[in-house]
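Here's the structure, in structure tokens; my notes come after.
The values are calculated or read from the model by the stated rules, or taken from the named source; none is laboratory data. Bear in mind that the values here come from a model prediction, so they are computed numbers and not experimental data. Quick reminder, even Gly has a Cβ in these numbers, built from the backbone with ideal geometry, and neighbours come from all protein chains shown.
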Amino acid sequence: MTVVRENIVENSKENKLLDNENVRALLLFLLSLGIFLAFWELGANLKIFSKGMPTASLTLKELWYWVTHPFYKNGPNDMGIGWNLLISLRRVAIGYTLASLIAVPLGILVGISKVAFKAFNPYFQLLKPVSPLAWLPLGLYIFRDSEVTGIFIITIASIWPTLTNTAFGVANVDSSYLNVSKTLGASRWRTIFKVIIPAALPNIISGLRISMGISWLVIVAAEMLLGSGLGYFIWNEWNNLYIPNILVAIFIIGIVGIVLDQIFAYLEKLVSFGKQS
Amino acid sequence: MSTSFSNRSTVNTDSVSDTQISLRHISKIFPGRKGWLNKLTRQASSDFMAIEDINLDIEHNTFVSIIGPSGCGKSTLLDIIAGLSTATGGEVLINGQVVDKPGPDRGMVFQNYALMPWMTVLDNIKFAVETVFPKMPAKQQQRIIKENIQLVGLTGAEKKHPHELSGGMRQRVGIARALAINPQILLMDEPFGALDALTRGFLQDEIERIWEQQRKTAIMITHSIEEALLLSDRIIMMTKGPAARIDQILEVPFPRPRDRTTVESHPDYLRLKKEMEDHLYRETRAVEAARIKP
């Protein structure tokens, strides 16, 4: 009797584990990854892909090599991927910070005044859809320096989402918060700093998150033309015609992108206070 | 007699000294969309007169309720008294002074609570106290905040954010915030409109208890006949909009302090209730009839 009961308990435990959505998703993920890698490995060995396609095992070996040897330096064309990553991150950090320092205050200013919003919105709307790379020749011409141009491109690229989101957030602060402020007789400044900015903070952070995503997209493209960083690493490996390292770089760019995005996802959660889940 | 008609336009002269709030010929017109562009896009609309020629005197330490069919301009009238909206015609006098902008002499309780979601219960009240008494020593500010949290029975919830509270608790914070600035007049715009019946009852009892302690002049907008009868000294009944007017003013004679059971067993209770029901029924029917007519 007891044995039977134990079996039932064990069975239900197993079922529960499989019932869990996350467990099932993880299993499906691992399964699909396994099939993908197997297909890749087999296909590359049987040469059914284009010529020179590396095998999965070679690519993973290279990935392991780069992850375990991130920092070495044998001249500008032979640097560990860690250095290149740091160079890219540094450019993004400077350009992005500059953009945020411009975009947030400007967005608040534009958002507070309806007239300013209507008057300046056409500029933002016009410039927002322009690919940041279109500014590259202009940057090189103005600054005559690839490093500064890289930062300039990141700044231009990441200014618009933050600016428009901040302006939108500030312009659409719940009128009941403003009414509270008014009935208490709060000064304009107090209202701006204690009510309008905190109320718009979720929108501001969303803007910053989109801007960060765009910066990270753009830096890789820009660096192909600039001479160092992850983008240049890819370009360099293309010149060497060594595909495994290109795939490794793509993977690392993706991972760093996830980390950057999650930082902002956490910040968004921090300021949401029960609004949106 | 406990009923009187407000159509008389003469101001009651013998009680002038006791009058705290005086509304003189208040009207409010919301301008329509005009101009050739709106006409071209068929978005043109005519002016909308929400309220017309409202005259009302409210004495010190009186609890007044305003009741009327939906869309009759009750909230507009309260916004004008609060200074959040300006009257198109007429003026609001408080203690003989014309007021046309908001000020901390009037504390406001909002229907949607209007608490800042990023501030804790304590911070929401602190924001009000610091705004109104910027020069007060911090110790005294803290004491006021603590007293008002205690007054509405939220001791222990100081560090909670509004989204962690129930609707009733949120409105308690709203009431504490309005009272913490020690206003002369308390304005409440359907303060319990978004609450379930039971919570509503609790908060009505709270308001009655707090009002007996402080006896501040209060103006409350409500849809509930029972609520108005429980809390008010006078009930202003408005006609339907557009161009809503004061139709009738009821004096509520129940002795204070009140509680639900003694009020309901008062000999005048059913008569007053019936009078209000008839009024609301008539006006609401008129609203519906106006909707059907082209």
Within region B:1-32, track down each residue that is in a loop (DSSP other than H, G, I, E, B) and at pLDDT below 80.
B:1, B:2, B:5, B:6, B:7, B:8, B:9, B:10, B:11, B:12
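Please find, among B:230, B:187, the residue that is modelled with pLDDT of 90 or more, touching a helix residue (DSSP H, G or I) at 6+ places or on another chain (Cβ under 6 Å) and assigned to a helix (DSSP H, G or I). Please lay out each step first, then the result.
Working: B:187 fails: assigned to a helix (DSSP H, G or I).
The match here is B:230.
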I'd like the full set of residues that are within 11 Å of chain B (Cβ to nearest Cβ), touching a Phe, Trp or Tyr at 6+ places or on another chain (Cβ under 8 Å) and surrounded by 20 or more Cβ atoms within 10 Å (Cβ to Cβ), limited to region A:162-182.
A:180
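Consider residue A:193 carefully, then state whether it is in a helix (DSSP H, G or I), among the aromatic types (Phe, Trp, Tyr) and surrounded by fewer than 18 Cβ atoms within 10 Å (Cβ to Cβ). Show your work before the answer.
Numbers: in a helix (DSSP H, G or I): yes; among the aromatic types (Phe, Trp, Tyr): yes; surrounded by fewer than 18 Cβ atoms within 10 Å (Cβ to Cβ): yes.
Considered against the rule, which asks whether it is in a helix (DSSP H, G or I), among the aromatic types (Phe, Trp, Tyr) and surrounded by fewer than 18 Cβ atoms within 10 Å (Cβ to Cβ), residue A:193 comes out as yes.
Specify which of the listed residues (A:129, A:137, A:105) is within 16 Å of residue A:194 (Cα to Cα), under 26 Å from the mean Cα position of the chain (by Cα) and free of Cβ contacts under 8 Å to residues at least 40 places away in the same chain.
Values: A:129 fails: within 16 Å of residue A:194 (Cα to Cα); A:137 fails: within 16 Å of residue A:194 (Cα to Cα).
Among A:129, A:137, A:105, only A:105 is within 16 Å of residue A:194 (Cα to Cα), under 26 Å from the mean Cα position of the chain (by Cα) and free of Cβ contacts under 8 Å to residues at least 40 places away in the same chain.
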Taking region A:109-126 and the residues there that are of a type in the set (S, T, N, Q) and assigned to a helix (DSSP H, G or I), the one that is nearest to residue A:193 (Cα to Cα) would be A:121
Can you find even one residue in region B:69-78 that is surrounded by fewer than 22 Cβ atoms within 10 Å (Cβ to Cβ), assigned by TED's automatic domain parsing to the domain that holds residue B:204 and either within 30 Å of residue B:159 (Cβ to Cβ) or among the aliphatic types (A, V, I, L, M) (or both)?
yes
Of the conditions (1) free of Cβ contacts under 8 Å to residues at least 24 places away in the same chain; (2) surrounded by fewer than 24 Cβ atoms within 10 Å (Cβ to Cβ); (3) part of a helix (DSSP H, G or I), residue A:185 fails just one. Which one is it?
(3)
Look through region A:183-200, keep the residues that are farther than 16 Å from residue B:126 by Cβ and of a type in the set (A, V, I, L, M), and return whichever of them is farthest from the other protein chains (Cβ to nearest Cβ).
A:192
Where a residue in region A:257-276 is more than 27 Å from residue A:88 (Cβ to Cβ) and its partner, wherever it lies, is of a type in the set (Val, Ile, Thr), with Cβ under 7 Å and at least six apart:
A:271/A:205
Against the definition (among the polar types (S, T, N, Q) and under 21 Å from residue A:257 (Cα atoms)), how does residue A:215 come out, yes or no?
yes
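Let's see how each residue does on (1) crowded, with 17+ Cβ neighbours inside 10 Å; (2) modelled with pLDDT under 90; (3) part of a helix (DSSP H, G or I):
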| position | (1), (2), (3) |
| --- | --- |
| A:6 | no, yes, yes |
| A:44 | yes, yes, yes |
| A:51 | no, yes, no |
| A:57 | no, yes, yes |
| A:76 | no, yes, no |
| A:82 | no, yes, yes |
| A:101 | no, no, yes |
| A:107 | yes, no, yes |
I'd like to check something: does region A:26-40 contain any residue that is surrounded by 14 or more Cβ atoms within 10 Å (Cβ to Cβ) and free of Cβ contacts under 8 Å to residues at least 40 places away in the same chain?
yes
Would you confirm whether or not region B:245-254 contains a residue that is assigned by TED's automatic domain parsing to the domain that holds residue B:47, without any contact (Cβ under 8 Å) to a residue 60 or more places away in the chain and over 20 Å from residue B:51 (Cβ atoms)?
yes
Output the residue which, of all residues in region B:263-279 that are hydrophobic (A, V, I, L, M, F, W, C) and surrounded by 16 or more Cβ atoms within 10 Å (Cβ to Cβ), is farthest from residue B:237 (Cα to Cα).
B:263
